[in-house]
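First up is the structure itself, then whatever we jot down about it.
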Amino acid sequence: MTYFSTRRVSTEAKCVVALVLGLVCLSGCRRSESPPVVKPSAENEQTSAEDRQPTDDGQQIVADGVLKDMVAAYKKASTYSDNGTVRLVAEGVMGRVDKSADFSLTFERPNKLRMDVYRATVVCDGKQLYATIEDLPDQVLVRDAPKEFTVESIYRDRILATTLSQGFAGASPQWMLLTADDPMKILLHGVEGTSLGEPGEIGDRDYYRVNIARKDGTAVFWIDRESHVLRRIELPTDELRRMLARGGEVKEVLLVADFTDARLDAEIDAEKFHFEIPAGANQVKFFVPPHPAQLLGKKAPEFRFTDMEGNSVTGESLAGKIAVLDFWASWCDPCRESLPMLSKIAEQFKDNQQITFLTVSVDQPEVKNQALLDMLSELDVKLPVVRDTDRHANTLFHSTSIPTMFILDAEGVAQDFHVGGNPDLADVLPEKLEKLLAGEDIYQEPLARYNKELEDYERALEASETETPETETPEEAVVEEYRIPQAKVAPRTEPETFKLSQLWTCSELKSPGNILAVTQPDGSVRLVVVVGWKSIAEVGLDGKLIATHRLEIDKMEVVSNLRTAVDTEGKRYFAAVASAQQRFHMLDANFNVVFSFPADGLKHPHQGIADVELGDLAGNGKLQAYVGYWGVIGVQAVSLEGKRAWSNRSISNVVKMAVGWPDPEGQRLLFCTNNSGSLAKIDAEGNRQGEVTVGDRTLHWIVAADLTGDGQPEWCGMAAPKLGDNIAVGLNLEGEELWHYDLPSGVQPQPVEPIVSGRIAPVDEDQWLLPGSDGSIHVIAADGKLLDRFNYGAVIGGLATAEHDGRTLLIVSSPSGLEGWRVE
């Protein structure tokens, strides 16, 4: 049981969350200063001519200078107030959406505040801090006021922080401007460039319009020319437009934060900071979200379900019987495993009239009754089924994940619950039911576990308020979620299930990176290694350098990853790519550049290429390159002549792709990670053919390989619940998560391929080799079993395996060079 329940998130919701996370740094984590007039200097020489605007005295106004002056104005202001709102407008074939939310702030230094953002209100009168959330109407957070507000002061409580920052426009930019130590550091973090747009007017006031470009789009800041107050932000809508376009044509998308009546150093009515605790509200130290455990030991709320004949099933109708309520849905794969187990348990108690079992479907109304009955019949489940037509599973039982099981006693008191699949159900459930039949209560143990979690959370919350490192600035504490922790290289250890004996070191290679083991026409194997971002080296399996090829690419271009394939005529090609570069380069077998794509990429920059894969989706023998882009360009297919064959712009931020296995007609699908976290399926004509969604996992990497030798691929993805987390996920194309494995946290010091297939453990199947950010190597079987884990003792730049003289070799790139190890 976890304190924060995991919600099932739809594909569309994942896309919105990804959009919001991208906007937080733009709109919520910023701070800037107002518009200076400055002379060009060495410090801002990189500002292009179009980013500068002349003034009457011949000086230049630059975008970064406008932002710095805005920051300065907020830093020195004693008060700030506005009547801010944020508005989202979208119109397409499915209708018009027009929604607004509060986005206002009133502040008086050092510690008076009123914030109304989305569904949350925070008020501080200088003595006490109060907070409320509309979704938790019976709770009021009450704390002592801080002596002086800092950025993190209002984000200590996780539920409040989420409510304040994860609305459709991100967190409050005014708050960052007023309280961050270094707002410009936050404002320009990850920014690709700033520029001045055409001046604008709101009412009778003149405004600078500063464009802030990031990978997820461009935000426009409207900044008052005289007061330097931030009056409006036009937020990026590219990703939102793409998401909405899945349902058809989108005519309009608008996302704007308006800080109406924004003023600095104006007198503020003290009543603004007054707060009355509502009658009947509970004063809490931290917000507690609804949780199934909160029902334990209490009579269940009055619920109503509907059986297959349309009759109501209520707590009153179940009175006098122990009731096992199992919430499920037809689309829930874990439910397909738990329902048959529950049916067998019910069979054990079929002659006991004191117990009733109900399967409660939470499917949408459009799912027909017969479809539910057919599914239960297919699973050989002989249990009565009712429907949760009023969504009481969520609103009354606080069930946000399925399957979820509740046990009510004969008096209707909630005695136990379980969220998720339970492989031990056949053992534990009958035992619990026997205790209830004997007149015992069983709710004490699960309730104690829940209360212990609350106590642990409270202690962690208190510790977070006192243990912030002195070297950590307030804004760093707030944006910690967006920082990737740096991992330290762990001391070298040896594997446990096999032995590594070093054969050679090719120290001639400086800064070697990713590796491919490539079979030559004569059957021999060579190692192809990216070296120094500009070259490719060929190395024999004896460790001797065969040749180094300097790539004929632009001086500003680099490569870090290689893909290779052979066409029907036996010609080998390589695709050389690096993330966020403007072009990839197709190379022949001698590493000559055949073409660079897009040809005009350097003249007409875009948000960058993320990945390239080589393959033949059509099954016609014609090799193509499939190019995935950051941003909204999507996926493109490119012929061996360097011509674009098709383009699919229905997905965005295509970080990694994998070519699937052929169907009976020889055709394949391209599986693409994207902003929604799913795997979008693209066919040979570039049409989208659905997607694979793996629970709540947001996949950013995907690899397919036949590890077991049965002619069918195994699939391994990489997910990151937050920046710096690294979780390998085994999956199938039905969207089932087969296994997962947590890797060390932290960013890879080099752009190493995070998933490589090969065989080094002493088993008869290939394995997944996963390099950790701390220099560790993890050997995972096809079924997800950890076969070995050892520390290489150095930063890993690339991994590969090969067979040589009947022995397996492990080849590793590190700062020492390219190293070959015999596996014994």
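The values are calculated or read from the model by the stated rules, or taken from the named source; none is laboratory data. What you see is a predicted model, and the numbers here were worked out from it, not measured in a lab. Positions of Cβ are generated from backbone atoms using ideal geometry, with glycine treated the same way; all protein chains shown enter the neighbour counts. SASA here: full protein model, heavy atoms, side chains in, ligands and nucleic acids out. Shrake-Rupley method; radii C 1.70, N 1.55, O 1.52, S 1.80 Å.
General observations
- Condition met for Val191 (in a strand (DSSP E or B), surrounded by fewer than 23 Cβ atoms within 10 Å (Cβ to Cβ) and of a type outside the set (Asp, Glu)): no
- Residue match in segment 387-409 (condition: outside any helix (DSSP H, G or I), modelled with pLDDT of 90 or more and open to solvent by 60 Å² or more (accessible area, probe 1.4 Å)): no
- Residue check for Gly735: open to solvent by less than 20 Å² (accessible area, probe 1.4 Å), in contact with a helix residue (DSSP H, G or I) (Cβ under 8 Å, 6 or more places away or on another chain) and in contact (Cβ under 8 Å) with a residue 12 or more places away in the chain: yes
- Segment 531-553, subset outside any strand (DSSP E or B) and among the basic types (Lys, Arg), residue surrounded by the most Cβ atoms within 10 Å (Cβ to Cβ): Lys534
- From the options Val558, Val528, residue that is open to solvent by 30 Å² or more (accessible area, probe 1.4 Å), in contact with a Phe, Trp or Tyr (Cβ under 8 Å, 6 or more places away or on another chain), within 20 Å of Ser814 (Cα to Cα) and touching a residue at least 24 places away in the same chain (Cβ under 8 Å): Val558
- Taken as a whole, the structure leaves Asp600 outside the set of residues that are within 17 Å of Ser647 (Cα to Cα), crowded, with 18+ Cβ neighbours inside 10 Å and among the charged types (D, E, K, R).
- Per the listing Thr162, Thr218, the residue uniquely buried (at least 18 other Cβ atoms within 10 Å of the Cβ), free of Cβ contacts under 8 Å to residues at least 40 places away in the same chain, under 23 Å from Thr85 (Cα atoms) and under 21 Å from the mean Cα position of the chain (by Cα) is Thr218.
- Qualifying positions in segment 313-354 - open to solvent by 40 Å² or more (accessible area, probe 1.4 Å) and in a helix (DSSP H, G or I): Asp333, Pro334, Arg336, Glu337, Met341, Lys344, Glu347, Gln348
- Across segment 562-586, the qualifying residues are those that are under 14 Å from Asp611 (Cβ atoms) and part of a loop (DSSP other than H, G, I, E, B), and the one among them that is farthest from the chain's Cα centre (by Cα) is Arg583.
- Of the strands (runs of 3 or more DSSP E) that lie entirely inside segment 717-775, those containing 3 or more residues that are under 15 Å from the mean Cα position of the chain (by Cα) span 726-731.
- Single residue of segment 677-698 satisfying the filter (in contact with a Leu (Cβ under 7 Å, 6 or more places away or on another chain) and charged (D, E, K, R)) that is least open to solvent (accessible area, probe 1.4 Å): Asp683
- Selection within segment 121-138 - part of a strand (DSSP E or B) and either at pLDDT 95 or above or basic (Lys, Arg) (or both): Thr121, Val122, Val123, Cys124, Asp125, Gln128, Leu129, Tyr130, Ala131, Thr132
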